[in-house]
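A.B. asks: Here it is: the structure, laid out below.
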Amino acid sequence: MDLRGLRGMLMGTSGVGQGRERSVSERLRAATDELQKLEQLVVSGDCSPRVLTEFRGAVDSIRQTAWAVQQWTELQSQHRDPYTVLGILSEERVRRATQLSRDLRIDLESLELSVETEGLDNLFQATKGLYERLAPLFRNSGL
C-alpha cells in the first residue's frame, strides 16, 4: 500500500479520477490560514454549540488523518513497517463511530431525524450489519 492507498482507506475512496487544482501543500496552507481566522471567530462565542461540536469532530478527524499520513511516511522513510499505523487508525474509527452514534441517538430523541431523513435507511442497514458482526464478539462478555 502506498500513500494513495492509505488515503483511500482513510477517506473511503480509491482516489482515482480526482483532479488537483492546487497542490496538497498549497491547500493545506490555505486551510491552516482559514482555521486560524476561524479560531478568532470561535473565541467570540457567537456560534451554536451543536455546530461547534460538529466542527470539533471534523477537526479531530483531519488531525488524526494528518497524523496517520505523517507516521506512515516517516516509518516508510526509516524503512520500518508502516502498517503498524493501521491498528491505531482502526481504534480511531471506532472512537469516531461511537461518537457519531451517540450524536445520532440524540438527534433521533430530539426528533431532528425521522424516517424521511435521506440516507437513514442506509444507516439502519449499515448499523444492523455492524451489529451482526459485533454481537458474536460480545456474546459471552455479559454486555
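A.B. asks: For SER61, are the conditions met, namely being surrounded by 11 or more Cβ atoms within 10 Å (Cβ to Cβ) and hydroxyl-bearing (Ser, Thr, Tyr)?
C.D. replies: When the stated conditions are applied, SER61 passes them.
A.B. asks: Could you pull out the residue among LEU89, LEU104, LEU100 that is closer than 27 Å to LEU35 by Cα and in contact (Cβ under 8 Å) with a residue 60 or more places away in the chain?
C.D. replies: Just one listed residue meets the conditions, LEU89.
A.B. asks: Out of the range 112-143, which residues are hydroxyl-bearing (Ser, Thr, Tyr) and not in a helix (DSSP H, G or I)?
C.D. replies: Within the range 112-143, SER114, THR117, SER141 meet the criteria.
A.B. asks: While we're looking at this one, here's another question. Only residues that are under 18 Å from the mean Cα position of the chain (by Cα) and farther than 26 Å from ARG63 by Cα: list them for the range 93-118, please.
C.D. replies: Result: no residue meets the conditions.
Read the figures in this text as sums done on the coordinates, not as results from a lab. Treat the numbers as computed from the prediction; the structure is a model and nothing was measured. When we count neighbours, we look across all protein chains shown, and the Cβ atoms used for this are built from the backbone with ideal geometry, even at glycine.
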